[in-house]
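See below for the structure under consideration.
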Amino acid sequence: MRLSITVSMRRIALHILLLLLSCLVIRADVLLPVPSGQYAVSHTTVKLVDESRADPFDPNYGKRAVMISLFYPVSRNDCQQTCPINYMPPTTAAILDAGLAQYDIPNGTFESFKLQVCCMVSEGGTKDVNKSPVVLFSPGLGFTRLAYNVYAQTLASAGYAVATIDHTYESMVVEYPDGSFTPGLNLSMDQPDLERYISIRVDDARFVLSQLGTDSIVKELVPDIRCAFNISQAAFYGHSAGGATAVAALQSDERFVGGVDLDGALFNINSDINQPVLLFGTPIHNSTNTPSWDHFKGWEKELVLSNARHITYGDMPLLIKQSGIPITDTLRSMIGTLDGARAFEVITTYIQAFMDFVLKGKNSSLFDGPSTEYPEMEVPTRE
């Protein structure tokens, strides 16, 4: 949330966006690798409307609505076909291209990426998907949930149902299946306003979790599923403001049994938190300059990824590695100097280990101290 790129992306006027859409550079498709987890992964998106809340950002006082993506595991034996799908839809891709052009990312880059997902499942192959533990994800302020798709797909391949959330009017743009979209607002970054945004995000997450426990909603999302997910125990991870949201949600909803904060400053932490929390930082942002991290009274670990930057925590470094885009000094200043594929492997390994711990009761030696297998991940000594 400290990144200037998210603020600049908000200021892209709609007429510039339309110009971009009419002048997109056509680039060769870049097929992103299929996750190597135990399960194949299917994918769907849906717009969810909270009839109990007015949208605090909507000038027309409409009901609060959010877009989510759901990545869910299916047995590899039941996956009959894998298909490429757009990593993100065209309007979102154009806005992200424009916002990141200052970092030497060519126009057309994000439209070129393709996820590979299970698009045909054998009869009965999804009936037990509801047994998958639920994990929510919230993105950085002004960013899009779609820029973390590979993280979510990778976690889903380990057996989790992962729902990623766009926070409408706050995300750079929220694009709907019919091609319509809601552009982000140029929001204030003052401390009181940031605290209000986190509260709205927490409400969004609680609503999404409840929807995933509703039979009628889930049966529309997952064909042939027996019933809704068990939402009595779920985990929550997020990047930047999304990480702050994940941690703040632990205070207000006991259904969240653990949270992961990927390099996010903390807001609205006004009471002690007893659920497990995993905190990731960078050499320039960690507990030494964030005293509010002392509010965690239960299981808590702090990790610092060497040679990382704020945007290291997300798909971006891996996408750049896969695309073959030359890494200039300007681009390196955004994503860090750690190899993109390696950064992705290290971070997602630790996220999965945490989810296995809080949702499956599996302990991991990764949290016992420095790892010889992942020496890039440092374990700070806290006084």
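A few comments on the model shown:
- Residue match in region 304-323 (condition: surrounded by 15 or more Cβ atoms within 10 Å (Cβ to Cβ), at pLDDT 95 or above, closer than 23 Å to Val257 by Cβ and not small (Gly, Ala, Ser)): yes
- Yes/no for Asn130 being part of a helix (DSSP H, G or I), under 18 Å from Pro223 (Cα atoms) and modelled with pLDDT of 95 or more: yes
- Checking each residue in region 239-266 for being small (Gly, Ala, Ser), in contact with a strand residue (DSSP E or B) (Cβ under 8 Å, 6 or more places away or on another chain) and either assigned to a helix (DSSP H, G or I) or buried (at least 24 other Cβ atoms within 10 Å of the Cβ) (or both) picks out Ser240, Ala241, Gly242, Gly243, Ala244, Ala246, Ala249, Gly259, Gly264.
- Flag for Tyr103 being within 30 Å of Gln191 (Cα to Cα), at pLDDT 85 or above and among the hydroxyl-bearing types (Ser, Thr, Tyr): yes
- All conditions in (1) in a loop (DSSP other than H, G, I, E, B); (2) in contact with a Lys or Arg (Cβ under 9 Å, 6 or more places away or on another chain) hold for Gly37, with the sole exception of (2).
- Qualifying position, being at pLDDT 95 or above and assigned to a loop (DSSP other than H, G, I, E, B), among Asn77, Asn60: Asn77
- Considering residues of region 78-124 that are over 15 Å from Ala147 (Cβ atoms) and free of Cβ contacts under 8 Å to residues at least 40 places away in the same chain only, the residue surrounded by the most Cβ atoms within 10 Å (Cβ to Cβ): Ala101
Yes/no matrix, rows are residues, columns are (1) touching a strand residue (DSSP E or B) at 6+ places or on another chain (Cβ under 6 Å); (2) under 24 Å from Ala156 (Cβ atoms); (3) among the hydrophobic types (A, V, I, L, M, F, W, C); (4) surrounded by 11 or more Cβ atoms within 10 Å (Cβ to Cβ):
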| position | (1), (2), (3), (4) |
| --- | --- |
| Ile347 | no, yes, yes, yes |
| Gln352 | no, yes, no, yes |
| Val358 | yes, yes, yes, yes |
| Gly361 | no, yes, no, no |
| Phe367 | yes, yes, yes, yes |
| Thr372 | no, no, no, no |
| Pro375 | no, no, no, no |
| Glu378 | yes, no, no, yes |
| Thr381 | no, no, no, no |
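- Candidates are the residues of region 236-272 that are small (Gly, Ala, Ser) and farther than 17 Å from Glu195 by Cα; the one that is nearest to the chain's Cα centre (by Cα) is Gly259.
- Criterion violated by Ile225 - all others in (1) touching a helix residue (DSSP H, G or I) at 6+ places or on another chain (Cβ under 6 Å); (2) assigned to a loop (DSSP other than H, G, I, E, B); (3) closer than 26 Å to Ala248 by Cβ; (4) β-branched (Val, Ile, Thr) satisfied: (3)
- In region 208-226, the residues that are at pLDDT 95 or above reach residues that are aromatic (Phe, Trp, Tyr) with C-beta atoms within less than 8 angstrom, at least six apart or across chains, in these pairs: Leu209/Phe256; Leu212/Phe229; Gly213/Phe229; Val218/Phe229; Val222/Tyr72.
- Among the candidates Leu20, Leu32, Leu14, Leu48, residue that is at pLDDT below 90 and touching a helix residue (DSSP H, G or I) at 6+ places or on another chain (Cβ under 7 Å): Leu20
- Members of region 149-182 found to be closer than 17 Å to Ser36 by Cα and either of a type in the set (A, V, I, L, M, F, W, C) or assigned to a helix (DSSP H, G or I) (or both), listed by number: Asn149, Val150, Tyr151, Ala152, Gln153, Thr154, Leu155, Ala156, Ala158, Ala161, Val162
- Selection from region 93-127 of residues that are over 21 Å from Gln38 (Cα atoms) and part of a loop (DSSP other than H, G, I, E, B): Asp104, Ile105, Pro106, Asn107, Gly108
- Residues located in region 38-57, provided they are within 28 Å of Gln81 (Cβ to Cβ) and β-branched (Val, Ile, Thr): Val41, Thr44, Thr45, Val46
- Unique residue being β-branched (Val, Ile, Thr) and more than 30 Å from Glu300 (Cα to Cα) when the list is Ile217, Ile231, Ile200: Ile217
The values are calculated or read from the model by the stated rules, or taken from the named source; none is laboratory data. Here the structure is a predicted model, which is why all the values come from computation and not from measurement. Glycine gets a Cβ as well: all are built from the backbone with ideal geometry, and neighbour counts include every protein chain shown.
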